[in-house]
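The values are calculated or read from the model by the stated rules, or taken from the named source; none is laboratory data. Source: prediction; values computed, not measured. Here the Cβ positions follow ideal geometry from the backbone for every residue, glycine too, while neighbour counts run over all protein chains shown. SASA here: full protein model, heavy atoms, side chains in, ligands and nucleic acids out. Shrake-Rupley method; radii C 1.70, N 1.55, O 1.52, S 1.80 Å.
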Protein chains: 2
Amino acid sequence: MQKATADKSDPIAAQLAPVGRETVQDRVYLELRRALIGGLFEPSQVLTIRGLADALMTSTMPVREALGRLITEKALEALPNRSVRVPPITLERMDDLLRARILIEGEAIALAATRMTPRQITTIESMLGEWDEMRALKHKKDVDREVTLNQAFHFEIYRACGSAVLIPMIESLWLQSGPCIRVAIYAFSDAGEVDTAHYHRTIVKAIAAQDAKGARDALIADISRPFTFLRSKLEAEAKKGQSV
Amino acid sequence: MQKATADKSDPIAAQLAPVGRETVQDRVYLELRRALIGGLFEPSQVLTIRGLADALMTSTMPVREALGRLITEKALEALPNRSVRVPPITLERMDDLLRARILIEGEAIALAATRMTPRQITTIESMLGEWDEMRALKHKKDVDREVTLNQAFHFEIYRACGSAVLIPMIESLWLQSGPCIRVAIYAFSDAGEVDTAHYHRTIVKAIAAQDAKGARDALIADISRPFTFLRSKLEAEAKKGQSV
DNA sequence: TCAATGCAAGTGTGATCACAAATCAAATAA
DNA sequence: TTATTTGATTTGTGATCACACTTGCATTGA
(Lines give C-alpha, C1' and ligand atoms only; values in the text may rest on other atoms or scores of the structure.)
Protein backbone atom coordinates (compact mmCIF):
# COMPACT_ATOMS: atom_id res chain seq x y z
CA MET A 1 0.00 0.00 0.00
CA GLN A 2 1.44 3.28 -1.11
CA LYS A 3 -0.44 5.81 0.95
CA ALA A 4 -2.58 6.11 4.01
CA THR A 5 -5.09 8.25 2.17
CA ALA A 6 -8.12 6.97 0.26
CA ASP A 7 -7.27 4.88 -2.76
CA LYS A 8 -9.85 4.35 -5.49
CA SER A 9 -8.46 0.93 -6.32
CA ASP A 10 -9.28 -0.17 -2.76
CA PRO A 11 -12.99 -1.01 -2.75
CA ILE A 12 -13.39 -0.48 0.99
CA ALA A 13 -11.73 2.92 1.02
CA ALA A 14 -13.67 3.80 -2.11
CA GLN A 15 -16.88 3.09 -0.26
CA LEU A 16 -15.85 5.26 2.63
CA ALA A 17 -15.14 8.16 0.29
CA PRO A 18 -17.01 7.30 -2.89
CA VAL A 19 -17.39 10.86 -4.14
CA GLY A 20 -15.00 13.77 -4.15
CA ARG A 21 -13.98 14.94 -0.72
CA GLU A 22 -16.09 17.73 0.59
CA THR A 23 -14.50 21.11 0.28
CA VAL A 24 -14.76 23.87 2.84
CA GLN A 25 -16.41 25.96 0.17
CA ASP A 26 -19.23 23.46 -0.22
CA ARG A 27 -19.67 23.18 3.51
CA VAL A 28 -20.02 26.93 3.82
CA TYR A 29 -22.36 27.10 0.85
CA LEU A 30 -24.65 24.39 2.21
CA GLU A 31 -24.58 25.98 5.64
CA LEU A 32 -25.67 29.35 4.30
CA ARG A 33 -28.25 27.68 2.10
CA ARG A 34 -29.76 25.88 5.03
CA ALA A 35 -29.84 29.08 7.02
CA LEU A 36 -31.59 30.94 4.21
CA ILE A 37 -34.22 28.31 3.48
CA GLY A 38 -34.86 28.03 7.19
CA GLY A 39 -35.24 31.79 7.41
CA LEU A 40 -32.45 32.21 9.96
CA PHE A 41 -31.50 35.49 8.32
CA GLU A 42 -33.94 38.33 8.33
CA PRO A 43 -34.98 40.15 5.17
CA SER A 44 -32.77 43.19 4.50
CA GLN A 45 -30.07 41.83 6.81
CA VAL A 46 -26.58 42.71 5.61
CA LEU A 47 -23.97 39.95 5.57
CA THR A 48 -20.23 40.55 5.62
CA ILE A 49 -17.61 38.17 4.35
CA ARG A 50 -15.33 38.45 7.34
CA GLY A 51 -18.22 38.20 9.76
CA LEU A 52 -19.46 34.96 8.23
CA ALA A 53 -15.91 33.64 7.96
CA ASP A 54 -15.44 34.12 11.70
CA ALA A 55 -18.81 32.57 12.48
CA LEU A 56 -18.09 29.56 10.28
CA MET A 57 -14.52 29.17 11.54
CA THR A 58 -12.81 29.54 8.20
CA SER A 59 -11.06 32.11 6.08
CA THR A 60 -12.74 34.62 3.82
CA MET A 61 -12.04 32.61 0.70
CA PRO A 62 -14.74 29.94 0.89
CA VAL A 63 -17.26 32.50 2.14
CA ARG A 64 -16.85 34.91 -0.73
CA GLU A 65 -17.28 32.11 -3.24
CA ALA A 66 -20.40 30.86 -1.46
CA LEU A 67 -21.85 34.37 -1.34
CA GLY A 68 -21.20 34.82 -5.04
CA ARG A 69 -23.06 31.63 -5.79
CA LEU A 70 -26.01 32.62 -3.62
CA ILE A 71 -26.15 36.00 -5.33
CA THR A 72 -26.46 34.39 -8.75
CA GLU A 73 -29.34 32.32 -7.40
CA LYS A 74 -31.03 35.53 -6.24
CA ALA A 75 -30.95 34.11 -2.75
CA LEU A 76 -28.88 37.14 -1.78
CA GLU A 77 -28.66 40.59 -3.27
CA ALA A 78 -25.56 42.57 -4.23
CA LEU A 79 -25.92 46.22 -3.35
CA PRO A 80 -24.16 48.90 -5.39
CA ASN A 81 -22.01 49.49 -2.29
CA ARG A 82 -20.70 46.01 -3.01
CA SER A 83 -22.17 44.84 0.25
CA VAL A 84 -24.57 41.92 0.21
CA ARG A 85 -27.87 41.50 2.00
CA VAL A 86 -30.88 39.25 2.25
CA PRO A 87 -33.42 40.63 -0.26
CA PRO A 88 -36.16 42.67 1.42
CA ILE A 89 -39.79 41.58 1.22
CA THR A 90 -42.10 43.48 -1.12
CA LEU A 91 -45.61 42.67 -2.20
CA GLU A 92 -44.63 42.50 -5.87
CA ARG A 93 -41.79 40.10 -5.17
CA MET A 94 -44.01 37.86 -3.06
CA ASP A 95 -46.65 37.60 -5.78
CA ASP A 96 -43.92 36.97 -8.30
CA LEU A 97 -42.39 34.21 -6.21
CA LEU A 98 -45.72 32.57 -5.50
CA ARG A 99 -46.68 32.54 -9.17
CA ALA A 100 -43.39 30.92 -10.12
CA ARG A 101 -43.70 28.36 -7.34
CA ILE A 102 -47.23 27.43 -8.36
CA LEU A 103 -46.10 27.03 -11.93
CA ILE A 104 -43.01 24.95 -11.32
CA GLU A 105 -43.78 23.03 -8.17
CA GLY A 106 -47.23 22.34 -9.57
CA GLU A 107 -45.68 20.79 -12.64
CA ALA A 108 -43.23 18.81 -10.53
CA ILE A 109 -45.91 17.32 -8.30
CA ALA A 110 -48.10 16.49 -11.29
CA LEU A 111 -45.20 14.54 -12.76
CA ALA A 112 -44.46 12.92 -9.42
CA ALA A 113 -48.08 11.87 -8.95
CA THR A 114 -47.82 9.58 -11.95
CA ARG A 115 -44.38 8.26 -11.08
CA MET A 116 -44.13 7.72 -7.34
CA THR A 117 -43.60 4.14 -6.29
CA PRO A 118 -45.59 2.56 -3.44
CA ARG A 119 -42.41 2.67 -1.39
CA GLN A 120 -42.07 6.43 -1.90
CA ILE A 121 -45.72 6.98 -1.09
CA THR A 122 -45.29 5.07 2.14
CA THR A 123 -42.43 7.38 3.03
CA ILE A 124 -44.46 10.57 2.69
CA GLU A 125 -47.40 8.94 4.46
CA SER A 126 -45.18 8.26 7.42
CA MET A 127 -44.19 11.92 7.46
CA LEU A 128 -47.81 12.84 8.16
CA GLY A 129 -47.51 11.14 11.50
CA GLU A 130 -44.71 13.46 12.54
CA TRP A 131 -47.01 16.43 12.32
CA ASP A 132 -49.38 14.72 14.74
CA GLU A 133 -46.49 14.04 17.08
CA MET A 134 -45.55 17.68 16.97
CA ARG A 135 -49.11 18.80 17.58
CA ALA A 136 -49.19 16.54 20.62
CA LEU A 137 -46.63 18.77 22.31
CA LYS A 138 -47.98 21.99 20.91
CA HIS A 139 -47.16 23.90 24.05
CA LYS A 140 -43.72 24.47 22.60
CA LYS A 141 -43.84 25.83 19.08
CA ASP A 142 -40.80 24.48 17.32
CA VAL A 143 -40.63 26.58 14.19
CA ASP A 144 -37.31 25.05 13.16
CA ARG A 145 -38.77 21.58 13.13
CA GLU A 146 -41.86 22.75 11.25
CA VAL A 147 -39.69 24.24 8.54
CA THR A 148 -37.46 21.18 8.32
CA LEU A 149 -40.36 18.73 8.22
CA ASN A 150 -42.24 20.77 5.63
CA GLN A 151 -39.15 20.93 3.46
CA ALA A 152 -38.47 17.20 3.76
CA PHE A 153 -42.05 16.38 2.81
CA HIS A 154 -42.13 18.57 -0.27
CA PHE A 155 -38.75 17.58 -1.61
CA GLU A 156 -39.43 13.89 -1.09
CA ILE A 157 -42.20 14.43 -3.62
CA TYR A 158 -40.29 16.71 -5.96
CA ARG A 159 -37.38 14.29 -6.14
CA ALA A 160 -39.80 11.72 -7.55
CA CYS A 161 -40.66 13.94 -10.52
CA GLY A 162 -37.46 12.74 -12.11
CA SER A 163 -36.41 16.08 -13.55
CA ALA A 164 -32.82 17.14 -12.96
CA VAL A 165 -33.74 20.56 -14.30
CA LEU A 166 -36.88 21.35 -12.31
CA ILE A 167 -35.54 20.31 -8.91
CA PRO A 168 -32.68 22.82 -8.76
CA MET A 169 -35.11 25.52 -9.87
CA ILE A 170 -37.42 24.61 -7.02
CA GLU A 171 -34.51 24.72 -4.61
CA SER A 172 -33.69 28.17 -5.88
CA LEU A 173 -37.28 29.27 -5.35
CA TRP A 174 -37.27 27.96 -1.79
CA LEU A 175 -34.01 29.77 -1.24
CA GLN A 176 -35.60 32.99 -2.38
CA SER A 177 -38.82 32.61 -0.47
CA GLY A 178 -37.22 31.22 2.69
CA PRO A 179 -36.95 34.51 4.57
CA CYS A 180 -40.58 35.41 3.72
CA ILE A 181 -41.87 32.02 4.80
CA ARG A 182 -40.22 32.21 8.14
CA VAL A 183 -41.82 35.58 8.79
CA ALA A 184 -45.18 34.14 7.75
CA ILE A 185 -44.83 31.09 9.98
CA TYR A 186 -44.07 33.25 12.97
CA ALA A 187 -47.13 35.32 12.20
CA PHE A 188 -49.11 32.07 11.86
CA SER A 189 -48.01 30.83 15.22
CA ASP A 190 -49.18 34.06 16.79
CA ALA A 191 -52.46 34.00 14.88
CA GLY A 192 -53.59 30.49 15.69
CA GLU A 193 -53.35 26.83 14.91
CA VAL A 194 -51.02 25.38 12.31
CA ASP A 195 -52.96 23.02 10.07
CA THR A 196 -50.17 22.13 7.68
CA ALA A 197 -50.86 18.47 8.35
CA HIS A 198 -54.32 18.77 6.86
CA TYR A 199 -52.99 20.14 3.58
CA HIS A 200 -50.28 17.53 3.43
CA ARG A 201 -52.83 14.79 4.01
CA THR A 202 -54.82 16.02 1.02
CA ILE A 203 -51.70 15.99 -1.11
CA VAL A 204 -50.79 12.45 -0.09
CA LYS A 205 -54.33 11.25 -0.78
CA ALA A 206 -54.25 12.67 -4.31
CA ILE A 207 -50.84 11.19 -5.03
CA ALA A 208 -51.87 7.77 -3.75
CA ALA A 209 -54.81 7.94 -6.18
CA GLN A 210 -52.39 8.99 -8.98
CA ASP A 211 -54.56 12.09 -9.36
CA ALA A 212 -52.14 14.57 -10.93
CA LYS A 213 -54.59 17.45 -11.11
CA GLY A 214 -55.80 16.89 -7.57
CA ALA A 215 -52.23 16.79 -6.29
CA ARG A 216 -51.40 20.01 -8.09
CA ASP A 217 -54.44 21.79 -6.69
CA ALA A 218 -53.76 20.57 -3.18
CA LEU A 219 -50.15 21.70 -3.44
CA ILE A 220 -51.18 25.12 -4.68
CA ALA A 221 -53.45 25.50 -1.69
CA ASP A 222 -50.62 24.45 0.61
CA ILE A 223 -47.94 26.78 -0.66
CA SER A 224 -50.28 29.71 -1.22
CA ARG A 225 -51.33 29.82 2.41
CA PRO A 226 -48.30 31.51 3.97
CA PHE A 227 -48.05 33.93 1.07
CA THR A 228 -51.65 35.11 1.25
CA PHE A 229 -51.37 35.36 5.01
CA LEU A 230 -48.20 37.40 4.81
CA ARG A 231 -49.68 39.49 2.05
CA SER A 232 -52.64 40.58 4.15
CA LYS A 233 -50.28 41.32 7.01
CA LEU A 234 -48.02 43.46 4.82
CA GLU A 235 -50.99 45.28 3.31
CA ALA A 236 -52.28 46.08 6.78
CA GLU A 237 -48.89 47.42 7.79
CA ALA A 238 -48.61 49.45 4.61
CA LYS A 239 -52.03 51.00 5.18
CA LYS A 240 -51.17 51.80 8.79
CA GLY A 241 -47.84 53.32 7.75
CA GLN A 242 -49.58 55.37 5.10
CA SER A 243 -52.20 56.75 7.49
CA VAL A 244 -49.51 57.80 9.99
CA MET B 1 -12.44 68.86 -5.82
CA GLN B 2 -10.58 66.30 -3.77
CA LYS B 3 -9.91 63.51 -6.24
CA ALA B 4 -9.64 62.81 -9.92
CA THR B 5 -11.85 59.75 -9.56
CA ALA B 6 -15.63 59.74 -9.90
CA ASP B 7 -17.44 61.73 -7.24
CA LYS B 8 -21.10 61.13 -6.53
CA SER B 9 -21.65 64.75 -5.58
CA ASP B 10 -20.61 65.73 -9.08
CA PRO B 11 -23.66 65.22 -11.29
CA ILE B 12 -21.62 64.83 -14.46
CA ALA B 13 -19.27 62.23 -13.03
CA ALA B 14 -22.27 60.51 -11.46
CA GLN B 15 -23.82 60.18 -14.87
CA LEU B 16 -20.67 58.71 -16.29
CA ALA B 17 -20.56 56.06 -13.58
CA PRO B 18 -24.10 55.92 -12.21
CA VAL B 19 -23.95 52.37 -10.90
CA GLY B 20 -21.29 50.45 -9.04
CA ARG B 21 -18.04 50.07 -10.92
CA GLU B 22 -17.80 46.86 -12.82
CA THR B 23 -15.62 44.27 -11.21
CA VAL B 24 -13.30 41.95 -13.07
CA GLN B 25 -15.26 39.07 -11.66
CA ASP B 26 -18.46 40.28 -13.29
CA ARG B 27 -16.70 40.86 -16.58
CA VAL B 28 -15.38 37.30 -16.55
CA TYR B 29 -18.75 35.91 -15.52
CA LEU B 30 -20.60 37.72 -18.30
CA GLU B 31 -17.96 36.71 -20.81
CA LEU B 32 -18.28 33.03 -19.96
CA ARG B 33 -22.06 33.33 -19.91
CA ARG B 34 -22.08 34.79 -23.37
CA ALA B 35 -19.79 32.07 -24.60
CA LEU B 36 -21.99 29.36 -23.13
CA ILE B 37 -25.30 30.70 -24.43
CA GLY B 38 -23.70 31.16 -27.82
CA GLY B 39 -22.44 27.59 -27.71
CA LEU B 40 -18.77 28.56 -28.07
CA PHE B 41 -17.83 25.72 -25.77
CA GLU B 42 -18.53 22.18 -26.83
CA PRO B 43 -20.45 19.72 -24.69
CA SER B 44 -18.13 17.67 -22.45
CA GLN B 45 -15.33 20.21 -22.90
CA VAL B 46 -13.21 20.58 -19.77
CA LEU B 47 -12.39 24.08 -18.57
CA THR B 48 -9.42 24.92 -16.35
CA ILE B 49 -9.15 27.93 -14.11
CA ARG B 50 -5.67 28.91 -15.15
CA GLY B 51 -6.43 28.35 -18.82
CA LEU B 52 -9.41 30.67 -18.71
CA ALA B 53 -7.50 33.19 -16.61
CA ASP B 54 -4.80 33.39 -19.26
CA ALA B 55 -7.35 33.65 -22.06
CA LEU B 56 -9.23 36.42 -20.25
CA MET B 57 -6.06 38.25 -19.24
CA THR B 58 -6.64 38.13 -15.52
CA SER B 59 -5.63 36.13 -12.46
CA THR B 60 -7.25 32.94 -11.30
CA MET B 61 -9.31 34.64 -8.64
CA PRO B 62 -12.13 36.15 -10.72
CA VAL B 63 -12.30 33.02 -12.86
CA ARG B 64 -12.80 30.59 -10.02
CA GLU B 65 -15.62 32.70 -8.62
CA ALA B 66 -17.27 32.92 -12.01
CA LEU B 67 -16.96 29.16 -12.52
CA GLY B 68 -18.49 28.53 -9.12
CA ARG B 69 -21.46 30.70 -10.02
CA LEU B 70 -21.94 28.95 -13.34
CA ILE B 71 -21.80 25.58 -11.61
CA THR B 72 -24.62 26.53 -9.25
CA GLU B 73 -26.68 27.51 -12.28
CA LYS B 74 -26.01 24.07 -13.80
CA ALA B 75 -24.44 25.83 -16.76
CA LEU B 76 -21.26 23.93 -15.92
CA GLU B 77 -20.70 20.66 -14.15
CA ALA B 78 -18.30 19.90 -11.31
CA LEU B 79 -16.70 16.50 -11.74
CA PRO B 80 -15.64 14.45 -8.72
CA ASN B 81 -12.05 15.10 -9.87
CA ARG B 82 -12.80 18.71 -8.97
CA SER B 83 -12.40 19.62 -12.59
CA VAL B 84 -15.24 21.41 -14.37
CA ARG B 85 -16.70 20.78 -17.78
CA VAL B 86 -19.56 21.73 -20.05
CA PRO B 87 -22.32 19.21 -19.35
CA PRO B 88 -22.56 16.51 -22.02
CA ILE B 89 -25.67 16.11 -24.12
CA THR B 90 -27.97 13.21 -23.35
CA LEU B 91 -31.44 12.48 -24.65
CA GLU B 92 -32.93 12.55 -21.15
CA ARG B 93 -31.38 15.90 -20.37
CA MET B 94 -32.58 17.41 -23.63
CA ASP B 95 -36.16 16.30 -23.03
CA ASP B 96 -35.90 17.59 -19.50
CA LEU B 97 -34.62 20.98 -20.64
CA LEU B 98 -37.23 21.30 -23.36
CA ARG B 99 -40.08 20.51 -20.97
CA ALA B 100 -38.85 23.12 -18.51
CA ARG B 101 -38.43 25.70 -21.25
CA ILE B 102 -41.91 25.08 -22.60
CA LEU B 103 -43.33 25.43 -19.13
CA ILE B 104 -41.53 28.58 -18.06
CA GLU B 105 -40.97 30.45 -21.30
CA GLY B 106 -44.53 29.60 -22.27
CA GLU B 107 -45.79 31.22 -19.11
CA ALA B 108 -43.55 34.23 -19.62
CA ILE B 109 -44.73 34.86 -23.17
CA ALA B 110 -48.38 34.43 -22.14
CA LEU B 111 -47.88 37.11 -19.54
CA ALA B 112 -46.01 39.31 -21.98
CA ALA B 113 -48.72 38.96 -24.62
CA THR B 114 -51.15 40.78 -22.36
CA ARG B 115 -48.68 43.40 -21.20
CA MET B 116 -46.55 44.46 -24.14
CA THR B 117 -46.89 48.06 -25.14
CA PRO B 118 -47.26 49.14 -28.80
CA ARG B 119 -43.74 50.49 -28.58
CA GLN B 120 -42.36 47.12 -27.48
CA ILE B 121 -44.32 45.34 -30.18
CA THR B 122 -42.83 47.67 -32.78
CA THR B 123 -39.39 46.74 -31.52
CA ILE B 124 -39.84 43.01 -32.02
CA GLU B 125 -41.53 43.61 -35.38
CA SER B 126 -38.46 45.45 -36.54
CA MET B 127 -36.37 42.47 -35.53
CA LEU B 128 -38.20 40.34 -38.08
CA GLY B 129 -36.67 42.42 -40.83
CA GLU B 130 -33.18 41.50 -39.72
CA TRP B 131 -33.87 37.86 -40.51
CA ASP B 132 -34.78 38.84 -44.05
CA GLU B 133 -31.58 40.87 -44.33
CA MET B 134 -29.61 37.87 -43.21
CA ARG B 135 -31.39 35.58 -45.64
CA ALA B 136 -30.52 38.04 -48.43
CA LEU B 137 -26.85 37.16 -47.99
CA LYS B 138 -27.42 33.52 -47.23
CA HIS B 139 -24.26 32.49 -49.04
CA LYS B 140 -22.41 33.08 -45.79
CA LYS B 141 -24.06 31.32 -42.89
CA ASP B 142 -23.42 33.47 -39.85
CA VAL B 143 -24.35 31.21 -36.97
CA ASP B 144 -23.13 33.72 -34.41
CA ARG B 145 -25.50 36.35 -35.69
CA GLU B 146 -28.37 33.88 -35.82
CA VAL B 147 -27.84 32.98 -32.19
CA THR B 148 -27.51 36.61 -31.11
CA LEU B 149 -30.57 37.74 -33.03
CA ASN B 150 -32.68 34.84 -31.79
CA GLN B 151 -31.66 35.59 -28.22
CA ALA B 152 -32.40 39.30 -28.54
CA PHE B 153 -35.85 38.59 -29.97
CA HIS B 154 -36.88 36.17 -27.26
CA PHE B 155 -35.60 38.19 -24.35
CA GLU B 156 -37.16 41.37 -25.64
CA ILE B 157 -40.45 39.51 -25.13
CA TYR B 158 -39.56 37.85 -21.85
CA ARG B 159 -38.49 41.14 -20.32
CA ALA B 160 -42.01 42.40 -20.93
CA CYS B 161 -43.53 39.67 -18.76
CA GLY B 162 -42.62 41.78 -15.76
CA SER B 163 -41.42 38.93 -13.56
CA ALA B 164 -38.08 39.39 -11.82
CA VAL B 165 -38.24 35.73 -10.84
CA LEU B 166 -39.05 34.08 -14.16
CA ILE B 167 -36.50 35.97 -16.25
CA PRO B 168 -33.40 34.76 -14.38
CA MET B 169 -34.77 31.24 -14.57
CA ILE B 170 -35.13 31.55 -18.31
CA GLU B 171 -31.58 32.86 -18.54
CA SER B 172 -30.44 29.84 -16.59
CA LEU B 173 -32.30 27.54 -18.98
CA TRP B 174 -30.71 29.19 -22.01
CA LEU B 175 -27.35 28.86 -20.32
CA GLN B 176 -27.97 25.15 -19.90
CA SER B 177 -29.31 24.51 -23.38
CA GLY B 178 -26.82 26.79 -25.14
CA PRO B 179 -24.31 24.10 -26.07
CA CYS B 180 -27.07 21.79 -27.39
CA ILE B 181 -28.64 24.55 -29.43
CA ARG B 182 -25.43 25.42 -31.15
CA VAL B 183 -24.93 21.81 -32.16
CA ALA B 184 -28.51 21.73 -33.47
CA ILE B 185 -28.10 24.94 -35.45
CA TYR B 186 -24.98 23.62 -37.14
CA ALA B 187 -26.87 20.48 -38.06
CA PHE B 188 -29.73 22.67 -39.32
CA SER B 189 -27.43 24.63 -41.56
CA ASP B 190 -26.16 21.45 -43.07
CA ALA B 191 -29.64 19.99 -43.45
CA GLY B 192 -31.29 22.88 -45.24
CA GLU B 193 -32.96 26.23 -44.95
CA VAL B 194 -33.37 28.09 -41.70
CA ASP B 195 -36.96 29.27 -41.30
CA THR B 196 -36.69 30.84 -37.88
CA ALA B 197 -38.17 34.04 -39.28
CA HIS B 198 -41.44 32.26 -40.07
CA TYR B 199 -41.86 31.10 -36.47
CA HIS B 200 -40.98 34.51 -35.11
CA ARG B 201 -43.50 36.12 -37.41
CA THR B 202 -46.21 33.86 -36.02
CA ILE B 203 -45.21 34.81 -32.49
CA VAL B 204 -45.32 38.52 -33.23
CA LYS B 205 -48.71 38.20 -34.89
CA ALA B 206 -50.17 36.48 -31.83
CA ILE B 207 -48.70 39.03 -29.46
CA ALA B 208 -49.98 41.93 -31.53
CA ALA B 209 -53.45 40.37 -31.26
CA GLN B 210 -52.95 39.97 -27.50
CA ASP B 211 -53.56 36.27 -28.03
CA ALA B 212 -51.80 34.70 -25.06
CA LYS B 213 -52.58 31.11 -25.96
CA GLY B 214 -51.60 31.62 -29.58
CA ALA B 215 -48.32 33.21 -28.54
CA ARG B 216 -47.56 30.34 -26.20
CA ASP B 217 -48.27 27.74 -28.87
CA ALA B 218 -46.19 29.57 -31.44
CA LEU B 219 -43.31 29.86 -28.98
CA ILE B 220 -43.48 26.17 -28.14
CA ALA B 221 -43.23 25.35 -31.83
CA ASP B 222 -40.25 27.67 -32.16
CA ILE B 223 -38.18 26.38 -29.27
CA SER B 224 -39.10 22.74 -29.83
CA ARG B 225 -37.67 22.71 -33.33
CA PRO B 226 -33.95 22.50 -32.60
CA PHE B 227 -34.57 20.01 -29.81
CA THR B 228 -36.61 17.59 -31.91
CA PHE B 229 -34.11 17.94 -34.72
CA LEU B 230 -31.16 17.25 -32.46
CA ARG B 231 -33.07 14.41 -30.84
CA SER B 232 -33.54 12.57 -34.10
CA LYS B 233 -29.90 13.14 -34.92
CA LEU B 234 -28.76 11.75 -31.58
CA GLU B 235 -31.07 8.76 -31.87
CA ALA B 236 -29.66 7.99 -35.29
CA GLU B 237 -26.13 8.17 -33.95
CA ALA B 238 -27.02 6.03 -30.96
CA LYS B 239 -28.53 3.36 -33.22
CA LYS B 240 -25.51 3.42 -35.48
CA GLY B 241 -23.15 3.17 -32.53
CA GLN B 242 -25.15 0.29 -31.15
CA SER B 243 -25.07 -1.65 -34.38
CA VAL B 244 -21.28 -1.23 -34.69
C1' DT C 1 -25.52 74.78 17.17
C1' DC C 2 -24.75 72.78 12.94
C1' DA C 3 -22.46 71.58 8.80
C1' DA C 4 -18.16 70.30 6.71
C1' DT C 5 -13.76 68.13 7.04
C1' DG C 6 -10.57 64.62 8.09
C1' DC C 7 -9.14 60.44 10.13
C1' DA C 8 -9.64 55.61 11.36
C1' DA C 9 -11.77 51.25 11.19
C1' DG C 10 -14.03 48.03 8.30
C1' DT C 11 -15.01 45.80 3.83
C1' DG C 12 -14.77 43.83 -0.87
C1' DT C 13 -11.59 42.70 -4.61
C1' DG C 14 -7.76 40.87 -6.90
C1' DA C 15 -3.13 38.80 -6.78
C1' DT C 16 0.01 35.57 -5.03
C1' DC C 17 1.69 31.66 -2.42
C1' DA C 18 1.65 26.90 -0.30
C1' DC C 19 -0.13 22.55 -0.44
C1' DA C 20 -2.48 18.33 -1.76
C1' DA C 21 -4.47 15.77 -5.26
C1' DA C 22 -4.82 14.43 -10.00
C1' DT C 23 -2.91 13.67 -14.54
C1' DC C 24 0.29 12.36 -17.82
C1' DA C 25 4.59 10.31 -19.52
C1' DA C 26 8.55 7.87 -19.39
C1' DA C 27 10.85 4.09 -17.45
C1' DT C 28 10.86 -0.36 -15.51
C1' DA C 29 9.38 -5.15 -14.76
C1' DA C 30 6.85 -9.22 -16.11
C1' DT D 1 4.30 -6.30 -25.87
C1' DT D 2 1.73 -5.13 -21.83
C1' DA D 3 1.02 -3.76 -17.22
C1' DT D 4 2.90 -1.25 -13.24
C1' DT D 5 5.34 2.23 -11.09
C1' DT D 6 7.66 6.38 -10.47
C1' DG D 7 8.44 11.12 -11.09
C1' DA D 8 7.31 15.69 -13.04
C1' DT D 9 3.77 18.74 -14.29
C1' DT D 10 -0.70 20.54 -13.92
C1' DT D 11 -4.68 21.73 -11.32
C1' DG D 12 -8.02 23.11 -7.64
C1' DT D 13 -8.25 24.86 -2.88
C1' DG D 14 -7.52 27.69 0.95
C1' DA D 15 -4.88 31.36 3.24
C1' DT D 16 -2.84 35.74 3.27
C1' DC D 17 -1.61 40.23 1.69
C1' DA D 18 -2.14 44.85 -0.63
C1' DC D 19 -5.11 48.17 -2.28
C1' DA D 20 -9.24 51.01 -2.98
C1' DC D 21 -13.48 52.23 -1.43
C1' DT D 22 -17.05 52.91 2.03
C1' DT D 23 -18.69 54.07 6.53
C1' DG D 24 -18.85 56.07 10.95
C1' DC D 25 -17.23 59.20 14.25
C1' DA D 26 -14.67 62.78 16.13
C1' DT D 27 -12.77 67.19 15.22
C1' DT D 28 -12.83 71.63 13.28
C1' DG D 29 -14.71 75.64 11.41
C1' DA D 30 -18.26 79.19 10.78
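For B:A35, the distances from its label point to the matching points in the remaining copies are 3.3 nm, ordered from shortest, with each point set 7 Å beyond Cα toward Cβ.
Between B:E92 and B:D211, the modelled label-to-label distance comes to 3.9 nm, taking each label 7 Å out from Cα in the direction of the beta carbon.
With no solvent and one equal point scatterer placed on each C-alpha of the range A:11-85, evaluate the Debye formula and give log10 I(q)/I(0) for q = 0.12, 0.13, 0.18, 0.24 Å⁻¹, two decimals. With no solvent term, the Cα-only Debye profile gives -0.38, -0.43, -0.71, -1.12. Count Lys and Arg as plus one, Asp and Glu as minus one, and take only other residues whose Cβ is under 13 Å from that of A:E171; the net charge is then +4. Residues of the range A:49-81 that bury at least 50 Å² of accessible area once all protein chains are present, compared with their chain alone (1.4 Å probe, heavy atoms only, ligands and nucleic acids left out), are A:E65, A:R69, A:T72. The range A:75-123 to the range B:115-166: how many Å between their Cα centroids? Here the answer is 29 Å between Cα centres. For A:G129, inter-copy separations between label points set 7 Å beyond Cα along the Cβ vector come to 7.1 nm, shortest first. When the square roots of the Cα gyration tensor eigenvalues are ordered a ≥ b ≥ c, the ratio a/c for the range B:91-243 is 1.5 or more and a/b does not exceed b/c, which makes its shape oblate. Neighbours of A:Q210 by Cβ distance under 13 Å: Lys/Arg scored +1, Asp/Glu scored -1, total +3. Take the Cβ atoms of A:Q45 and A:T148, set R0 to 25 Å, and the FRET efficiency comes out at 0.75. Modelled this way, with points 7 Å down the Cα-to-C-beta line, the labels at B:A164 and A:T228 are 2.5 nm from one another. The residues of the range A:11-85 expose on average 58 square angstrom of accessible surface per residue, using a 1.4 Å probe on protein heavy atoms.
Taking B:D96, A:D54 and ordering them by how much accessible surface each has at a 1.4 Å probe, largest first, produces A:D54, B:D96. The share of accessible area on the range A:38-137 that comes from carbon and sulfur is 55 percent, using a 1.4 angstrom probe.
Decide, for the range B:195-235, between rounded, prolate and oblate: order the square roots of the alpha carbon gyration tensor eigenvalues as a ≥ b ≥ c, take rounded if a/c falls under 1.5, and otherwise choose prolate if a/b is larger than b/c, else oblate. Judged from the Cα gyration tensor, the range B:195-235 comes out oblate (a/c at least 1.5, b/c at or above a/b). Computed from the Cβ-Cβ distance with R0 of 41 Å, the FRET efficiency linking B:R34 to A:A236 stands at 0.35. Using the Stokes-Einstein relation with a Kirkwood hydrodynamic radius computed over Cα pairs, the translational diffusion coefficient of the range A:113-163 at 4 °C and a viscosity of 1.567 mPa s comes to 108 µm²/s.
Using C-alpha pairs under 8 Å with a sequence gap of at least 6, the mean separation divided by the residue count of the range B:11-85 gives a relative contact order of 33 percent. Solvent-accessible area of B:I89, all protein chains in place: 50 Å² (probe radius 1.4 Å, heavy atoms, ligands and nucleic acids excluded). Across the options A:T72, A:F41, A:V24, the greatest Cα extent toward the positive end of the charge dipole of the range A:11-85 (unit charges at beta carbon of Lys, Arg, Asp, Glu) belongs to A:T72. For B:S83, the distances from its label point to the matching points in the remaining copies are 4.3 nm, ordered from shortest, with each point set 7 Å beyond Cα toward Cβ. Interface of A with B. Using a 1.4 Å probe and counting protein heavy atoms only, the two chains hide about 2800 Å² of accessible surface, both sides summed. Within straight cross-link reach of A:K205, meaning Cα distance under 19 Å, which aspartates and glutamates are found once same-chain residues fewer than 8 apart are removed? Result set, ordered by chain and number: A:E105, A:E107, A:E125, A:E130, A:D132, A:E156, A:D195, A:D217, A:D222.
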